[in-house]
1. Which condition does residue 75 not pass, out of (1) touching a residue at least 12 places away in the same chain (Cβ under 8 Å); (2) open to solvent by 20 Å² or more (accessible area, probe 1.4 Å); (3) not acidic (Asp, Glu), if it passes all the others?
2. Determine, yes or no, whether residue 181 is away from ligand 3 (no atom under 16 Å from the Cβ) and within 22 Å of residue 66 (Cα to Cα).
3. For residues in the range 102-139 being without any contact (Cβ under 8 Å) to a residue 24 or more places away in the chain and either open to solvent by less than 20 Å² (accessible area, probe 1.4 Å) or in a helix (DSSP H, G or I) (or both), which is nearest to residue 214 (Cα to Cα)?
4. Only one of (1) in contact (Cβ under 8 Å) with a residue 60 or more places away in the chain; (2) crowded, with 21+ Cβ neighbours inside 10 Å; (3) not in a helix (DSSP H, G or I) is not met by residue 158, so which one is it?
5. How many residues are under 19 Å from residue 11 (Cβ atoms) and either touching a Lys or Arg at 6+ places or on another chain (Cβ under 6 Å) or within 14 Å of ligand 3 (Cβ to nearest atom) (or both) when one looks only at the range 44-53?
6. Here is a check on your reading of the model: is residue 192 among the hydrophobic types (A, V, I, L, M, F, W, C), open to solvent by 20 Å² or more (accessible area, probe 1.4 Å) and more than 16 Å from ligand 1 (Cβ to nearest atom)?
7. Go through the range 11-26 and give me each residue that's closer than 16 Å to residue 73 by Cβ and surrounded by 13 or more Cβ atoms within 10 Å (Cβ to Cβ).
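The values are calculated or read from the model by the stated rules, or taken from the named source; none is laboratory data. What you are looking at is a predicted structure, and each value in this text was computed from that prediction instead of being measured. Every residue, glycine among them, receives a Cβ derived from its backbone with ideal geometry; neighbour counts consider all protein chains shown. Ligands, DNA and RNA are excluded from the accessible area calculation, which covers all protein heavy atoms including side chains. Shrake-Rupley method; radii C 1.70, N 1.55, O 1.52, S 1.80 Å.
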Amino acid sequence: MSWELWNRVDEFVGETLLGSDPVLEDVLRASADGGLPAIAVSPAQGRFLQQLARIQGARSILELGTLGGYSTILLARALPEDGRLLTLELNGDYAEVARANIERAGLGERVELRVGPAQEGLRALIAEGAGPFDLVFIDADKSSTPEYFELALELVRPGAVILADNVVRDGSLVDPDADDEGTLGMRRFHELAGRTQGVSATTIQTVGVKGYDGFTLVLVDGARTG
Ligand code: SAH
Ligand code: DHB
Ligand code: MG
């Protein structure tokens, strides 16, 4: 079992199921040209995100960590005409590339991008009485995922989906010697989600062109209060 094999399987999935998507290919090209790191979700994961948003019937989506807007565009495409996606990005240079990509994808009207630290952005949204959101995609700095999760809970409707990316991190999640902030954050996030009343959560490990990682899917109960 190797990365090479995972790559070939992702390639096969791309050829058989995903097809070509010139807009998304342009997005990745423009992101690379802009010097952005190649850390967007994979095409297969992106389709999965989009399908999750459709299954959820999402009309309002919140994303933390825009990068070049690859996942943003996939999620926004799942929205109905009058649906809205709000995405928060710390890096102003990345945000410029993302804005151009989102415009080129024809989604400028549906997507709002705010530049700044996600934690401040979330607090501002709570103060504004924004939401409630149907789906939240947490994909910013990994060490703050537990804090983002707690704040996201204030912004979602009963029945919402909260998805966190990069939670397994090559398995360092369970490596007792791992002490990087991201891994510690993901461990804390699991502990927090596990003891939070009124939600149910699971983590699915993934392999593919983006290596060995995983995501956590949290479902907020219909009757959850506070
Ligand atoms: N969701 C994107 C990938 C995001 S990569 C996709 O799959 O296409 C993680 C992003 O989080 C980077 O763009 C990084 O600049 C941003 N980020 C890092 N720290 C942040 C913070 N404190 N607040 C908001 N965004 C942050
Ligand atoms: C990183 C961030 C991501 O969202 C990802 O999917 C992979 C890597 C990173 O910050 O290194
Ligand atoms: Mg990610």
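1. For residue 75, the failing item is (2).
2. Spelling it out, it is not the case that residue 181 is away from ligand 3 (no atom under 16 Å from the Cβ) and within 22 Å of residue 66 (Cα to Cα).
3. Looking at residues that are without any contact (Cβ under 8 Å) to a residue 24 or more places away in the chain and either open to solvent by less than 20 Å² (accessible area, probe 1.4 Å) or in a helix (DSSP H, G or I) (or both), I get 120.
4. (2)
5. 4
6. Values: among the hydrophobic types (A, V, I, L, M, F, W, C): yes; open to solvent by 20 Å² or more (accessible area, probe 1.4 Å): no; more than 16 Å from ligand 1 (Cβ to nearest atom): yes.
The answer is no for residue 192.
7. 18, 21, 23, 24, 26
One line per residue, one yes/no per condition, for (1) away from ligand 2 (no atom under 14 Å from the Cβ); (2) closer than 16 Å to residue 41 by Cα; (3) out of contact with any strand residue (DSSP E or B) (no Cβ under 7 Å at 6 or more places or on another chain):
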position: 64; (1), (2), (3): no, yes, no
position: 72; (1), (2), (3): no, yes, no
position: 80; (1), (2), (3): yes, no, yes
position: 92; (1), (2), (3): yes, no, no
position: 103; (1), (2), (3): yes, no, yes
